[in-house]
């Protein structure tokens, strides 16, 4: 029995990194636009992706983003991701969630978007992402396009 159990345990221990459930942290910046005007935006995000087999993943993310316009504050995002592993180090995903108010007197907004991440070297990746923020009773809808760099761990 030991001859069977020990090799199985050893192979599971060696295979565990192949599961690749990973945390990540990133810095990003870009542009946000609404009602004919645009502004710079920048922020950070931290998340965790869970493998759904060899070619798909799902994840959660918390972010803090600031619009460069004076009078704004950090908007906190709580999002989920669902995506495909499209090739060596490439992830294509859809994302959606809720972002808190970006200014005093504003309301938070629901958002949907899509993006792509590409592994650059080791745990480092670059990212491009688009988000649409839905209009509500106080805040007009808007769009954001950001690029970022991050590290997986």
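The values are calculated or read from the model by the stated rules, or taken from the named source; none is laboratory data. Nothing here was measured: the structure is a model prediction, and the numbers come from that model. So basically every Cβ, Gly included, is an ideal-geometry build from the backbone, and we count neighbours across all protein chains shown.
Brief remarks on what is shown
- Within the stretch 7-51, the set of residues being surrounded by fewer than 10 Cβ atoms within 10 Å (Cβ to Cβ), at negative phi and at pLDDT 90 or above comprises 37 only.
- Condition met for residue 105 (outside any strand (DSSP E or B), at positive phi and touching a residue at least 24 places away in the same chain (Cβ under 8 Å)): yes
- Residue match in the stretch 78-93 (condition: modelled with pLDDT under 95, out of contact with any strand residue (DSSP E or B) (no Cβ under 9 Å at 6 or more places or on another chain) and outside any strand (DSSP E or B)): no
- For the condition surrounded by 15 or more Cβ atoms within 10 Å (Cβ to Cβ) and in a strand (DSSP E or B), residue 57 qualifies.
Residue-wise test of (1) farther than 20 Å from residue 48 by Cβ; (2) surrounded by 15 or more Cβ atoms within 10 Å (Cβ to Cβ); (3) under 14 Å from the mean Cα position of the chain (by Cα).
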| site | (1), (2), (3) |
| --- | --- |
| 83 | no, yes, yes |
| 94 | no, no, yes |
| 99 | no, yes, yes |
| 110 | yes, no, no |
| 117 | no, yes, yes |
| 123 | no, no, no |
| 139 | yes, yes, no |
| 146 | no, yes, yes |
| 150 | no, yes, yes |
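- Residue list for the stretch 21-37, restricted to those being outside any strand (DSSP E or B) and farther than 18 Å from residue 59 by Cβ: 35, 36
- Taking (1) in a loop (DSSP other than H, G, I, E, B); (2) free of Cβ contacts under 8 Å to residues at least 60 places away in the same chain in turn, residue 140 satisfies each apart from (2).
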